[in-house]
Amino acid sequence: MRTREVFNVKGSISKSISDVDRLLASGKIDLTLDFKEATFVSVDGLEWLEELLLRSQSLQAKVSFVNVSPEIYKVFKVAHIDSLLEACGALSQSGPAC
């Protein structure tokens with residue numbers, strides 16, 4: 001049985017976060033990344049997030065994003081990486097639901 005883990009993303013996402021990679025690699029969890037304290041996402045950070053979502057699919061794990069600021073969501077949208085937008089969930093009139 002899978003458990004749901006929440007990981008708080010803090011500061012800048014400019015490379016992989018090894019704690020998140022280890023959690024997902026355990027194969028026993030679904031993962032929620034909480035972006036409440038995230039301030040910036042670089043190109044390397046975008047690539048890592050996309051790879052994380054691809055790995056989660058191969059492990060049949062669900063990864064979702066919550067509390068994504070409008071600024072970071074805009075980076076996801078401009079990058080045109082559908083998996084990142086899907087991890088945010090449904091959109092509302094005022095922006096992301098996450």
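The table for this structure:
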| read-out | value |
| --- | --- |
| Test for LYS28: is it charged (D, E, K, R) and over 22 Å from GLU86 (Cβ atoms) | yes |
| Residue list for the stretch 53-72, filter: farther than 18 Å from ASP21 by Cα and of a type in the set (D, E, K, R) | GLU71 |
| Checklist (1) modelled with pLDDT of 95 or more; (2) under 11 Å from the mean Cα position of the chain (by Cα) applied to GLU37, failing item | (2) |
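The values are calculated or read from the model by the stated rules, or taken from the named source; none is laboratory data. A quick note: this is a predicted structure, and the numbers were derived from the prediction, not measured. Neighbour counts are summed over all protein chains in view; Cβ atoms, including those assigned to glycine, are modelled from backbone coordinates with ideal geometry.
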